[in-house]
Amino acid sequence: MENNPTWMPVVAAAIGPKNGRWLMHRRPVEKQHGGLWEFPGGKVESDEAPEIAVIREIKEELNLRLEAVALTPAGFAQADRDNGQKQIVILLYKTDQWEGVPQALEGGEIAWFAPEEIAKLDKPPLDIALAKQLFAKSASETGR
């Protein structure tokens with residue numbers, strides 16, 4: 001096991017498009033990657049499936065209700081292995097169905113952005129990769 005590095009599964013949600021715009025969350029300044037914009041989400045607990053984790057995290061962070069049947073895998077990104085830390089792997093799910101009005105319950109702020117605006121936002125490296133995957137897929141699905 002010592003030669004097999006461990007990893008930390010994380011989930012994120014691409015919520016939208018609402019009038020062509022997607023919901024992004026700005027991390028609180030005091031947290032890692034503070035002040036940067038990200039797809040909302042969080043860690044997968046050891047006893048839950050990724051879809052359940054994203055539903056729980058979005059409820060905790062944004063007070064939105066998602067349904068597993070409305071979640072579609074949209075990509076993943078993984079951090080480089082370094083300095084003995086667990087490797088972070090983010091699984092991105094997209095949805096265009098939710099209930100509630102989004103609120104930033106854990107600090108930071110939230111806002112809706114068009115894909116070209118998201119491309120210009122300051123984001124953590126893994127969210128940069130996730131956005132590229134999501135919008136490359138969206139463009140190919142719409143024939144752009």
Mind ranking Asp80, Asp96 by accessible surface for me, highest first, 1.4 Å probe? Asp80, Asp96
Loop-only GluC sites (Glu not before Pro) in the stretch 54-139, please: DSSP not H, G, I, E or B, and at most 13 other Cβ atoms within 10 Å. Glu67
How much of the accessible area of the stretch 48-126, probe 1.4 Å, is carbon plus sulfur, in whole percent? 51 percent
Determine the order of Trp7, Trp37, Trp112 by accessible area, beginning with the largest, at a probe radius of 1.4 Å. Trp7, Trp112, Trp37
Heavy-atom accessible area of Lys31, protein chains in place, probe 1.4 angstrom, given in Å² to nearest 10, is 90 Å²
Is the chain rounded, prolate or oblate when judged by the Cα gyration tensor, a ≥ b ≥ c being the square roots of its eigenvalues, rounded requiring a/c under 1.5 and prolate requiring a/b larger than b/c? rounded
Using 0.36 nm per residue, how much length does the chain from Glu109 to Arg21 gain when fully extended, once their Cα-Cα distance is taken away? 30.1 nm
For Val29 and Ala49, compute 0.36 nm times the residue count separating them, minus their Cα-Cα distance, and round to one decimal in nm. 4.3 nm
Heavy-atom accessible area per residue, the chain, 1.4 Å probe: how many Å²? 59 Å²
Cα-based helix-to-principal-axis angle, 125-142 vs the chain, degrees rounded to 10: 40 degrees
Set of lysines with alpha-carbon distance to Lys43 below 22 Å, sequence-local pairs under 8 removed: Lys31, Lys59, Lys86, Lys94, Lys123, Lys132
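The values are calculated or read from the model by the stated rules, or taken from the named source; none is laboratory data. This is a predicted model, so every value here is computed, not measured. With ideal geometry, Cβ positions are generated from the backbone for all residues, glycine too; neighbour counts draw on all protein chains shown. In case anyone asks, the SASA skips ligands and DNA or RNA and just uses the protein heavy atoms, side chains included. Shrake-Rupley method; radii C 1.70, N 1.55, O 1.52, S 1.80 Å.
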